[in-house]
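So the structure is just underneath, and the comments pick up after that.
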Amino acid sequence: MPKVLVEARELTKIYQRDQVQVLAFQDVSLDIHDGEFVALMGPSGSGKSTLLNIIAGIDTPTKGKIKVLGTDILSLKEDELAAWRSAHIGYVFQTFNLIAVLNAFENVELPLLLTRLSARERRRHVETALGLVGLADRMDHYPRQLSGGQEQRVAIARALVTDPDLLLADEPTGDLDAKSAAEVLALLDRLHRDFKKTIIMVTHDPHAAEHASVTFHLEKGQFLSTENSLG
């Protein structure tokens, strides 16, 4: 049986907006296993991105328990959590979040600047990551010189460069045209299949979710169902 990497129990998240309490989701429990490609599905506002951020240690639940990679992340201090995140989590944003004044190489190298790797070792890691996403020939290009699909692949390379245990992707195809979206999904497929990466992807697109091996559904703050796809 594959190892459980994410173990969440009865997670509830409530936001306070002015005088109003807004329920993101309630009593969500799930297990995510090593090597799975998981889709968190649901309409906008269903709480799926919030759940992803809790798994990443970016946000905290109002109540409930969560262990990620065997660590009770809710018990970590802020500096401990930052170190844990940089060691174990790769995060891909919908809006790429590349820095315009840095080229592709420099954007991908950013997470490594927090490590003790030498410049030569950092270069080797960056070249490997950009090679994996098919952009070895675009290292010197700036974001403005890249297509949206290429920018997202640079963002995926940046998330991969530390060889994280979990790759988290928040609507990674949401800002892309159909062709670029297909390329990004094919890349995620390859990372899952050939490199055994555990991937958790937030999406509202049923076509994107078809690439996952496990799908969780969130709607109106409730966990509706889990289904296994062919992956």
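The values are calculated or read from the model by the stated rules, or taken from the named source; none is laboratory data. Please read all numbers here as calculations on a predicted model, not as lab measurements. Counting neighbours? That spans all protein chains shown, and the Cβs are built from the backbone with ideal geometry, glycine included.
For this structure, a couple of remarks:
- Filter result for Leu40 (touching a Leu at 6+ places or on another chain (Cβ under 7 Å), crowded, with 20+ Cβ neighbours inside 10 Å and assigned to a helix (DSSP H, G or I)): no
- Meeting the requirement of 1 or more residues that are within 14 Å of the chain's Cα centre (by Cα) and either surrounded by fewer than 22 Cβ atoms within 10 Å (Cβ to Cβ) or at pLDDT 95 or above (or both), the strands (runs of 3 or more DSSP E) wholly within the stretch 112-231 are 166-170, 198-203.
- Residue, nearest to Glu219 (Cα to Cα), within the stretch 55-69, restricted to residues that are outside any strand (DSSP E or B), aliphatic (A, V, I, L, M) and out of contact with any Lys or Arg (no Cβ under 7 Å at 6 or more places or on another chain): Ile55
- Within the stretch 70-96, considering residues that are touching a residue at least 60 places away in the same chain (Cβ under 8 Å) and part of a helix (DSSP H, G or I), the one surrounded by the most Cβ atoms within 10 Å (Cβ to Cβ): His88
- With respect to the conditions (1) closer than 22 Å to His192 by Cα; (2) at pLDDT 95 or above, Thr12 lacks only one, and its number is (1).
- Criterion applied to Phe105, Phe93 was being hydrophobic (A, V, I, L, M, F, W, C) and over 29 Å from Lys3 (Cα atoms), and the one residue passing it is Phe105.
- Within the span defined as the stretch 60-69, every residue fails to be closer than 27 Å to Leu117 by Cβ and among the small types (Gly, Ala, Ser).
- Consider the stretch 10-34 and keep the residues that are exposed (fewer than 14 other Cβ atoms within 10 Å of the Cβ) and touching a residue at least 40 places away in the same chain (Cβ under 8 Å). The one that is nearest to Ala186 (Cα to Cα) is Ser29.
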